[in-house]
């Protein structure tokens with residue numbers, strides 16, 4: 001027996017005629033919580049990098065730009081390029097949804113290293129660019145799952161990236177949209193890529209020595225996210241405009257996550273090699 005749900009409006013509330021969407025609130029919540037967590041991590045005596053309030057503000061600005069620009073460009077280029085070439089103004093309509101995690105990840109990496117380079121150039125950070133950049137990314141690796149959790153909940157509210165047809169008891173039917181029960185795949189991803197991944201990354205940061213190896217936690221995050229994403233894609237319907245990439249059911253998310261896993265393994269190996277010299 002499937003679970004029947006009345007669709008939730010993508011608009012949370014309106015202020016002076018301006019619609020505030022759940023999608024936007026998810027990003028706001030992620031950035032606000034992420035900022036306070038970032039401040040808490042960088043203020044600890046055990047932190048491998050120290051940032052003052054001005055640096056944290058600048059870093060947050062860089063991260064926000066990296067997430068939005070990278071995430072949107074990743075979606076445009078990898079998931080629906082023909083549509084956006086025909087409707088170029090839609091590229092800027094981020095409130096309609098359509099963000100790529102993999103693109104956002106690349107955007108954040110670029111933003112963090114540009115931030116670290118600028119701080120080093122001004123004499124505000126000691127150490128080399130590699131260590132500074134990855135020490136920041138290692139902290140962000142603990143925080144990132146929080147943003148993933150909120151993002152997937154927003155996906156579910158917007159009935160985006162829903163699952164494949166199923167007969168499991170917890171299959172979901174959204175009234176007026178489809179009579180076919182589907183896997184609530186955004187909730188699967190919220191649980192694995194969000195809650196479970198956060199618990200693992202926090203424990204690794206808190207109770208192991210990986211935080212003392214720049215790049216180690218970043219590599220682990222990339223590998224674990226890739227594993228969880230590839231698993232969840234087994235239940236998630238492929239993007240309509242792309243479909244399956246192969247006859248045996250490979251999706252774009254799985255392809256990008258496979259590349260991400262390899263990249264994470266390389267970063268993890270380098271982190272041990274550089275620190276064991």
Discussion item. I'd like to check something: does segment 104-116 contain any residue that is in a helix (DSSP H, G or I), over 17 Å from the mean Cα position of the chain (by Cα) and buried (at least 21 other Cβ atoms within 10 Å of the Cβ)?
Written reply: yes
Practice prompt. Could you list all residues from segment 221-244 that are over 13 Å from residue 256 (Cβ atoms) and assigned to a helix (DSSP H, G or I)?
Written response: 221, 223, 224, 227, 228, 231, 232
Response to the item:
Note on segment 4-14: residues part of a strand (DSSP E or B) and closer than 19 Å to residue 94 by Cα are 11, 12, 13, 14
Item to complete: May I ask you to list pairs of residues, at least six apart or on different chains, whose Cβ atoms are under 6 Å apart, with the first in segment 119-133 being under 18 Å from residue 215 (Cβ atoms) and the second being assigned to a loop (DSSP other than H, G, I, E, B) and at pLDDT 90 or above?
Response: 131/214
Worksheet entry | Single condition residue 257 does not satisfy, out of (1) touching a helix residue (DSSP H, G or I) at 6+ places or on another chain (Cβ under 8 Å); (2) more than 27 Å from residue 134 (Cβ to Cβ); (3) in contact (Cβ under 8 Å) with a residue 60 or more places away in the chain | (2)
Worksheet item: Among the residues of segment 44-89, which ones are in contact (Cβ under 8 Å) with a residue 40 or more places away in the chain, under 24 Å from residue 23 (Cα atoms) and outside any helix (DSSP H, G or I)?
Response: 80
Discussion item. Which numbered condition in (1) over 16 Å from the mean Cα position of the chain (by Cα); (2) surrounded by 18 or more Cβ atoms within 10 Å (Cβ to Cβ); (3) not in a loop (DSSP other than H, G, I, E, B) is the only one that residue 194 fails?
Written reply: (1)
Worksheet item: What number of residues within segment 90-99 satisfy the criterion of being part of a loop (DSSP other than H, G, I, E, B), within 24 Å of residue 190 (Cβ to Cβ) and without any contact (Cβ under 8 Å) to a residue 60 or more places away in the chain?
Response: 2
Worksheet, complete the sentence: Picking from 199, 270, 180, 240, the residue that is under 16 Å from the mean Cα position of the chain (by Cα) and either free of Cβ contacts under 8 Å to residues at least 60 places away in the same chain or on the phi > 0 side of the Ramachandran plot (or both) would be 199
Worksheet item: Just for segment 232-248: of the residues that are surrounded by fewer than 16 Cβ atoms within 10 Å (Cβ to Cβ) and over 21 Å from residue 81 (Cα atoms), which one is modelled with the highest pLDDT?
Response: 234
Item to complete: With the condition kept exactly as written, say whether any residue in segment 149-163 is loosely packed, with under 15 Cβ neighbours inside 10 Å and in a helix (DSSP H, G or I).
Response: no
Worksheet entry | Number of positions in segment 11-49 that are surrounded by 13 or more Cβ atoms within 10 Å (Cβ to Cβ) and either modelled with pLDDT under 90 or within 22 Å of residue 154 (Cα to Cα) (or both) | 22
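The values are calculated or read from the model by the stated rules, or taken from the named source; none is laboratory data. Source: prediction; values computed, not measured. For neighbour counting, all protein chains shown are included, and Cβ atoms are generated from backbone atoms with ideal geometry for every residue, glycine included.
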